[in-house]
Amino acid sequence: MAVVGIDLGNLASKIGVARRRGIDVIANEVSNLATPSLVSFTPRQRMIGEPAKTGETSNFKNTIGSLKRLIGRTLSDPEIQEIEKKFINAELVDVNGTVGVRVRYLGEISEFSATQLVAMYLAKLRDTAAAELKQVVSDVVIAIPGWFTDVQRRALLDAAQIAGLNALRLINDHTAVALGYGITKSDLPETPETARNVMFVDIGHSDYSVAVVAFSKGQLVTKGTAYDRHFGGRDLDYALVQHFASEFKTKYKIDVMSNPKAVFRLITGCERLKKVLSANTEAPLNVESIMNDVDAASSLKREDFEQMVSHLLDRVSAPLDAALKDSGLTLDQIDAIELIGGTTRVPAIKERIQKWFGGKTLNTTLNQDEAICRGATFACATLSPVFRVREFNVYDMTSYPVKVTWEQEAGSPDEDTQLVVFPKGNAIPSTKILTFHRAGPFDLEASYTEDAQIPKGINPWIGRVSVKGVSKPDNSDFAVVKVKTRMNLHGILNFEEAYTVEEVEEEETYTVGEGEEKKEETRKVKKIRRKDSLKLVSGFTGLTDEVRNQFQESEGKMHAEDKLVMETEDRKNALEEYVYDMRGKLDGRYAAFVQPSEKEALMKATQEAEDWLYSEEGEDANKSAYVAKLDELKKLGDPVAFRWREGEDRAKAAAALREVI
Ligand code: ATP
Ligand code: MG
């Protein structure tokens, strides 16, 4: 069984696999360690990851990124409309109440939900891992931002399931990093009282997170977290885009911002320029035929760039302040600082972080691009039976408080109508038993509290449950009902079970007196005993089984079609190659082994095959047609090839014999 961890990044994702000798971040089909987080649609097939990136410029309207920003959201979400739209070129639409895209695929207009897009992408990562490991990939741990809410987490689990993956855990990005840090350190303090407090600072392409984590031997405890959900490399890129767009307005008399394709080209150029500026004090910008046949060129000094993004740099300190406050620690108590994420490479950002920490050293003992992925893979290894991993306890916590509400029942001694069951900072996973006094069935609703800092556009509603089969007991006005509520390993809330309990009187023996006087007596005590299990009917935000199955089926179909398209292409290439290869060899190494009549037949057949390949029919035939044509040619060519091979072997044997004598 494969053990796989995924860092689902906004720009690109990484895949880790566990092997006996350790964890490797694996390369994809073009030997990159990070796979672009892109899905695209063409008239022939879907392109996912690298090929989507390659074709992005020419097919940018049907290429979708920002996958993790879209999943679990609605079309009307202000963050989608006001922020994400800037970074997405495909048309956004509503698909069953969630955000999705309208694209041109196989010559038709199709719509896919964000959950489906993430599923497509995860399936591609699954294939990459399976190709590397040469085995089926099912169990995974996927790292996600700690600020993801219940609806986003459920949507991601749905996506994993659609992709045929079994997500053993959705792990918060910073928790994955912390696990990777802790499990590989052999010098952690012995006791939690003397724990080493580490602050992890991760600034990626789209978001920024800070976590304070306490490490001691065999365990980590998340003490505090804070986020800026809209702060990352892409915001720096966008500031550059605005600068150059305004420069080009006067310089070239073009309005880049009015042309989505031009904006896209400029973003690509600006990201490159930004990276060059991390190592150089000045960098050039060249965007060929940005629009109206203009080749745009410019350059920028690092100091000007820093001035241009000063409003963003000013935002570096807030999450650091908030995370430290959340942890209840003071800066003096922070023992180490670890920087991760691509955007902490920007010198001005690093400077701001350094300034905040004063004289403390910023460490980069972790691989800043791989830390999340490695940690997620460790988590998968811990949860999977395949590997024996050193015991390491992870105490993660909830980012937002969750409450449960209900309606009062007349006469019931239950006074409240709500309870904050999992306050912010509550451990994950965690189970709480709620007690109710009821004479009939009742409903519970779970939601984030009003003061939970969830993204504004996300509905705070988490789910509902109806507790069935409750009735008034004979000996009392109300049944005592217990409802088991669980915040699971994914950070998702569920009502797991409900049952009635009853108070029973039991006889208990106890001893009185001492020494000689000692004797046993009995007394009656009241005990709570579990009585009947109750049926629960619950509704949460995830997909219904029916819809999920339908998406799974259609994903399987598209996957099979893409595979067929690729295999067809492969067989077509094989036929083409055989034609040219055979012709060359007939005049070369096969010349001495071919009869004139055979040669004539082969020349004729290869010519016919070539003509067919470039005819309308042969250009776009199905796989079996290419296979059949190649078989025909091989029937003629194989005897010649066989004779040549025999001749070669004979010559080799003769040479070997000569050497012996
Ligand atoms: P997120 O964590 O937001 O989902 P991600 O995981 O894809 O996104 P990372 O891989 O951590 O993001 O970082 C990518 C970002 O870092 C991009 O914006 C990229 O331009 C930027 N980046 C990478 N290298 C450098 C560099 N040398 N200088 C400046 N920026 C860089
Ligand atoms: Mg990241």
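The mean accessible area for residues of segment 316-434, using a 1.4 Å probe and ignoring ligands and nucleic acids, is 48 Å² per residue. When the solvent-accessible area of the chain is split by element, carbon and sulfur atoms take up 48 percent of it, the probe being 1.4 Å.
What you get for segment 485-644, charging only the Cβ of Lys and Arg (+1) and of Asp and Glu (-1), is a dipole of about 360 debye around the Cα centre. The relative contact order of segment 551-661, computed from alpha carbon pairs under 8 Å that lie at least 6 residues apart in sequence, is 36 percent. Count charges around Arg272 for me, please; just the other residues with Cβ under 15 Å from its Cβ, Lys/Arg as +1, Asp/Glu as -1. Local net charge: +2.
Once you sort the root eigenvalues of the Cα gyration tensor of segment 199-352 as a ≥ b ≥ c, which label holds: rounded (a/c under 1.5), prolate (a/b larger than b/c) or oblate (the other case)?
Verdict is prolate for segment 199-352.
The C-alpha atoms of the chain define a longest principal axis, and helix 317-327 lies at about 40 degrees to it.
Listed by chain and number, the lysines whose alpha-carbon sits under 16 Å from that of Lys355, ignoring those within fewer than 8 places in the same chain, form an empty set. Rounded to the nearest Hz, the phi-derived 3J(HN,Hα) couplings of segment 253-260 under the Karplus curve 6.51 cos²θ - 1.76 cosθ + 1.60 (θ = phi - 60°) are 6, 10, 10, 4, 5, 8, 10, x, where x marks glycine and proline. Near Ile462, the amide H atoms lying under 5 Å from its own belong to Ala446, Ser447, Tyr448; only residues 5 or more places off or on other chains count, and H is placed 1.01 Å from N. Over the chain, the fraction of Cα-Cα pairs per 20 Å bin, rounded to whole percents and listed from the shortest bin up, is 15, 39, 29, 13, 3, 1, 0.
Each label point was placed 7 Å from the Cα along the Cα-to-Cβ direction; for Val565 and Val537 their separation is 4.4 nm. Compared with the dominant principal axis of the Cα atoms in the chain, helix 150-162 is inclined by about 40°. Coordinate range of the alpha-carbon atoms in segment 1-96 per principal axis, descending: 48, 29, 22 Å. Sequentially through segment 430-437, phi angles give Karplus couplings (6.51, -1.76, 1.60; θ = phi - 60°) of 7, 10, 10, 9, 9, 10, 10, 10 Hz, Gly and Pro residues having no value and appearing as x. Taking N as the number of residues in segment 560-661, what is its alpha-carbon radius of gyration divided by 2.2 N^0.38 Å? Working it through for segment 560-661, the quotient is 1.36. Under 13 Å of direct C-alpha separation, and excluding same-chain neighbours fewer than eight residues apart, Lys301 reaches these aspartates and glutamates: Glu282. The share of Cα pairs per 10 Å bin across segment 374-476, counted from zero up to the longest distance, runs 12, 31, 25, 20, 10, 2 percent. If the cut-off is a Cα-Cα distance under 26 Å, which lysines reach Lys634, setting aside same-chain residues fewer than 8 apart in sequence? Within the straight-line cut-off, Lys634 pairs with Lys563, Lys572, Lys585, Lys599, Lys604, Lys623, Lys652. Over all pairs of distinct alpha carbons, what does the Kirkwood formula give as the hydrodynamic radius of segment 458-499, in Å? After inverting the mean inverse Cα-Cα distance, the result is 12.6 Å. Sequence-ordered 3J(HN,Hα) estimates for segment 562-579 from the Karplus curve with 6.51, -1.76 and 1.60 and θ = phi - 60° stand at 4, 5, 5, 4, 5, 5, 4, 4, 5, 5, 5, 4, 5, 5, 4, 5, 4, 4 Hz, glycine and proline given as x.
Normalised by residue number, the volume inside the convex hull of the Cα atoms of segment 51-166 is 118 Å³ per residue. Highest average first, the peptides 513-522, 485-494, 20-29, 99-108 ordered by how many other beta carbon atoms sit within 10 Å of their residues are 485-494, 99-108, 20-29, 513-522.
Compared with the dominant principal axis of the Cα atoms in the chain, helix 173-183 is inclined by about 90°. Note on segment 111-157 and segment 536-557: Cα centroid distance 15 Å, given to the nearest whole angstrom.
Placing unit charges on the Cβ atoms of the charged side chains and taking the dipole of segment 589-661 about its Cα centre, the candidate lying farthest along the positive direction among Ile661, Leu633, Ala592 is Ile661.
Can you classify segment 95-144 as rounded, prolate or oblate using the Cα gyration tensor, where a ≥ b ≥ c are the square roots of its eigenvalues, rounded means a/c under 1.5, and otherwise it's prolate if a/b beats b/c and oblate if not? Oblate, since a/c reaches 1.5 and b/c is not below a/b. Binning all Cα-Cα separations of segment 240-305 at 5 Å, short to long from zero, yields these whole-percent fractions: 4, 19, 34, 23, 13, 7, 1. A cut-off of 5 Å between modelled amide H atoms, ignoring neighbours fewer than 5 places along the same chain, links Met47 with Ser40, Phe41, Thr42. When only alpha carbons are used to place a centre, segment 366-419 and segment 452-481 end up 21 Å from one another.
In this Cβ point-charge picture (+1 for Lys and Arg, -1 for Asp and Glu), segment 104-176 has a dipole of about 100 debye about its Cα centre. The amide H of Ile340, built 1.01 Å from its N in the peptide plane, has Val201, Asp202, Ile203 as neighbours under 5 Å, considering only residues 5 or more places off or on other chains.
The values are calculated or read from the model by the stated rules, or taken from the named source; none is laboratory data. All of these numbers come straight from a predicted model, not from anything done at the bench. Methodologically, a virtual Cβ is constructed for each residue, glycine included, from the backbone with ideal geometry; neighbour enumeration extends over all protein chains shown. When the accessible area is computed, the model is the full protein with side chains, heavy atoms only, and any ligands, DNA or RNA have been set aside. Shrake-Rupley method; radii C 1.70, N 1.55, O 1.52, S 1.80 Å.
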